[in-house]
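Comments concern the structure below.
The values are calculated or read from the model by the stated rules, or taken from the named source; none is laboratory data. Fair warning: this is a prediction, and the values are worked out from it, not measured in the lab. Cβ placement follows ideal geometry from the backbone for every residue including glycine, while neighbour counts extend to all protein chains displayed. When the accessible area is computed, the model is the full protein with side chains, heavy atoms only, and any ligands, DNA or RNA have been set aside. Shrake-Rupley method; radii C 1.70, N 1.55, O 1.52, S 1.80 Å.
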Amino acid sequence: MARPQLRYVCQSCGSVSPKWQGQCADCGAWNSLQQEASPAATPFTQKHSLKSGGRKIAMQRLDDEVELPHRLPTGFGELDRALGGGLVPGSAVLIGGDPGIGKSTLLLQAAGRMARAGLQVAYVSGEEAADQVRLRARRLGLADAPVRLAAATSVRDILTTLSDGAPPALLVIDSIQTMHSDQLEGAPGTVSQVRASSLELIGWAKQSGTALILVGHVTKDGQIAGPRVLEHMVDAVLYFEGEGRHQYRVLRAVKNRFGGTDEIGVFAMEADGLGEVLNPSSLFLTQRDRPVAGAVVFPALEGTRPVLVELQALTVRLPSGATPRRAVVGWDSARLAMILAVLEARAGLGFGNSEVYLNVAGGLRVVDPAADLAVAAALVSALLDAPVPADLLAFGEIALSGEVRPAAHAALRLKEAEKLGFAAALAPPGTKGVGRLEVRPVATVAALVDRLKARP
Ligand code: TYD
Ligand code: MG
């Protein structure tokens with residue numbers, strides 16, 4: 001047999017190179033290449049002819065009867081919602097997020113609730129000792145839940161144990177980066193170990209009809225370590241996110257083979273674990289008596305659910321010559337630069353000498369492109385020191401031409417706003433009012449500026 005060839009795998013993008021280099025030629029990451037053994041030869045790597053040996057497969061029709069996947073409720077309506085209606089038996093879900101955001105807490109709570117509901121549940125921690133998990137369970141008021149708990153990292157040991165007797169309905173692996181597969185050499189956490197361990201676990205889950213949840217840590221640049229490869233292998237990817245100091249956590253579906261993406265679940269971290277937030281809009285709005293310059297409410301659409309958030313802008317004039325800062329929390333900084341440029345070019349507003357700060361209240365991260373008009377309104381309001389009425393909101397996408405473009409699901413957004421007592425909305429032309437909520441169409445950023453200037 002030939003000696004296994006050495007190869008170097010980038011731990012950030014998974015690309016393979018025959019020799020070591022300081023920088024990955026594919027993704028440009030530095031010092032990310034690690035030596036790994038080549039995978040064993042498979043039938044596909046050996047020469048074979050396409051014309052012989054295949055088996056005929058039955059082609060089917062698109063409109064054949066389908067059985068909708070059966071779903072297991074997790075005991076958390078918000079988690080079910082992010083999953084598209086509960087866990088699908090035999091499926092694999094990856095939950096990513098920064099360390100300390102609450103992944104273990106969420107999954108232990110879900111495991112406890114499912115076990116209490118009479119389902120077989122196994123929770124395997126590779127990060128914490130069993131005592132640590134038990135202490136946490138006690139704090140969460142779940143000490144009596146019949147969860148099967150193990151502290152282990154060997155995939156073979158875990159699967160051997162679970163294959164003895166009826167397979168559990170749910171298996172939680174916390175985290176995939178600590179798992180080790182003996183099919184392959186290499187330390188846990190490397191790309192190939194993460195891939196091999198996941199493959200074994202996912203294959204087993206599929207076979208035994210167990211719903212598998214893998215916890216994955218996210219690296220600093222926002223990728224699940226052991227990287228995108230993992231996202232392709234699982235059926236659903238959820239990110240658990242939130243601003244560290246804030247209490248609120250958002251579980252966001254970025255991939256889901258069994259449901260819609262962009263669906264979110266909202267939680268609040270309390271002393272006794274995560275609680276569900278059923279009406280998130282009331283959370284992200286700040287209560288105040290009089291309007292403040294720079295604050296504008298935006299009806300964001302998170303999946304199918306409207307969530308009202310307050311955008312806050314602050315501009316500080318600098319002596320000319322100084323380089324002004326731009327800082328953003330909860331929104332895309334490139335998008336902010338674009339909106340500033342459009343306001344400058346199409347409405348003649350100069351931010352060149354001003355520092356600009358933009359913040360999404362409550363720690364939510366807004367990805368909805370319809371936030372443009374609300375951001376622009378907040379910026380203009382801050383620059384002109386002209387407060388926007390507290391019962392007014394704004395949404396719409398802004399083009400480089402300065403035009404305001406229609407946004408998806410305007411009626412859904414406005415219905416939620418009306419419910420919460422908003423009286424008017426700055427919105428793209430053609431948007432229809434809902435109930436008592438009146439629409440004030442804004443066609444361009446110049447019209448927006450005129451409108452905000454005209455207010456007393
Ligand atoms: P954890 O679930 O360990 O995060 P992860 O698994 O994503 O790394 O959450 C840890 C944080 O949550 C920790 O800083 C303490 C906080 N926490 C609470 O505020 N209340 C609780 O009931 C628990 C269990 C944790
Ligand atoms: Mg954890």
Using a 1.4 angstrom probe with every protein chain in place, what is the largest-first accessible-area order of 419, 56, 19, 255?
-> 56, 419, 19, 255
Please check which bits of region 385-406 a label hung off residue 438 would reach, taking the label as a point 7 Å along Cα-to-C-beta and the cut-off as backbone N under 15 Å.
-> 389-393
Across region 313-323, in residue order, what do the Karplus-derived ³J(HN,Hα) couplings come to in whole Hz, using 6.51 cos²θ - 1.76 cosθ + 1.60 with θ = phi - 60° and x for Gly and Pro?
-> 10, 9, 10, 10, 6, 10, x, 4, x, 6, 8
Rounded to whole Hz, the Karplus (6.51, -1.76, 1.60) HN-Hα couplings of region 174-187, x for glycine and proline = 10, 10, 5, 5, 9, 7, 9, 10, 8, 5, 8, 7, x, 6
Note on the chain: contact order normalised by length, alpha-carbon pairs under 8 Å, 6 or more apart, percent, works out to 12
Report relative contact order for region 231-353 in percent, whole number only (criteria: Cα-Cα under 8 Å, sequence separation at least 6).
-> 14
Sort 100-108, 366-374 for me by packing, meaning the mean count of neighbouring Cβ atoms within 10 Å per residue, highest on top.
-> 366-374, 100-108
With 0.36 nm assigned to each residue of separation and the Cα-Cα distance removed, residue 255 to residue 17 gains 82.8 nm
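Calculate the FRET efficiency for residue 132 and residue 154 from the Cβ-Cβ distance with a Förster distance of 25 Å, rounded to the nearest 0.05.
For residue 132 and residue 154, the calculated efficiency is 0.85.
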Please state the relative contact order of region 165-304 as a whole percent: Cα pairs under 8 Å, 6+ residues apart?
-> 15
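Given N residues in the chain, what is Rg(Cα) / (2.2 N^0.38 Å)?
Compactness ratio reported: 1.15.
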Counting only protein chains, not ligands or nucleic acids, how are 251, 384, 199 ordered by accessible area (probe 1.4 Å), most first?
-> 199, 384, 251
Amide H contacts under 5 Å for residue 309, placed H, 5+ residues apart = 298, 300
If you take the alpha carbon radius of gyration of region 283-454 and divide it by 2.2 N^0.38 Å, what ratio comes out, to two decimals?
-> 0.95
SASA check, residue 232, accessible area w/ 1.4 Å probe, all protein chains in place, rounded to nearest 10 Å², comes out at 130
For the chain, which span is the longest to avoid every loop-located (per DSSP) member of chymotrypsin sites (Phe, Trp or Tyr not before Pro) having at most 15 other Cβ atoms inside 10 Å?
-> 45-456
Per the 1/(1 + (r/R0)^6) rule, R0 = 45 Å and r from the Cβ atoms of residue 61 and residue 161, FRET efficiency to 0.05 is 0.60
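Using the structure shown, select from 415/453; 56/206; 432/453; 19/103; 103/432 the pairs with a Cα to Cα distance greater than 31 angstrom.
Values: 415/453 28 Å; 56/206 24 Å; 432/453 24 Å; 19/103 37 Å; 103/432 41 Å.
Correct reply: 19/103; 103/432.
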Once amide hydrogens are built 1.01 Å from N within the peptide plane, the residues lying 5 or more places from residue 96 or on another chain with amide H under 5 Å from its amide H are 216, 238, 239, 240
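Using a 1.4 angstrom probe, figure out how much accessible area the chain has per residue, in square angstrom, rounded to the nearest whole.
Spelled out: the 1.4 Å probe surface of the chain, per residue, equals 50 Å².
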Expressed as an acute angle from 0 to 90° and rounded to the nearest 10, what is the orientation of the C-alpha long axis of helix 445-454 relative to the principal long axis of the chain?
-> 50
For 98, 26, write out the residues from largest to smallest accessible area, computed with a 1.4 angstrom probe and no ligands counted.
-> 26, 98
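Counting only protein heavy atoms and using a 1.4 Å probe, what share of the accessible area of the chain belongs to carbon plus sulfur, as a whole percent?
On the way: 11990 of 22630 Å².
The nonpolar share, carbon plus sulfur, comes to 53 percent.
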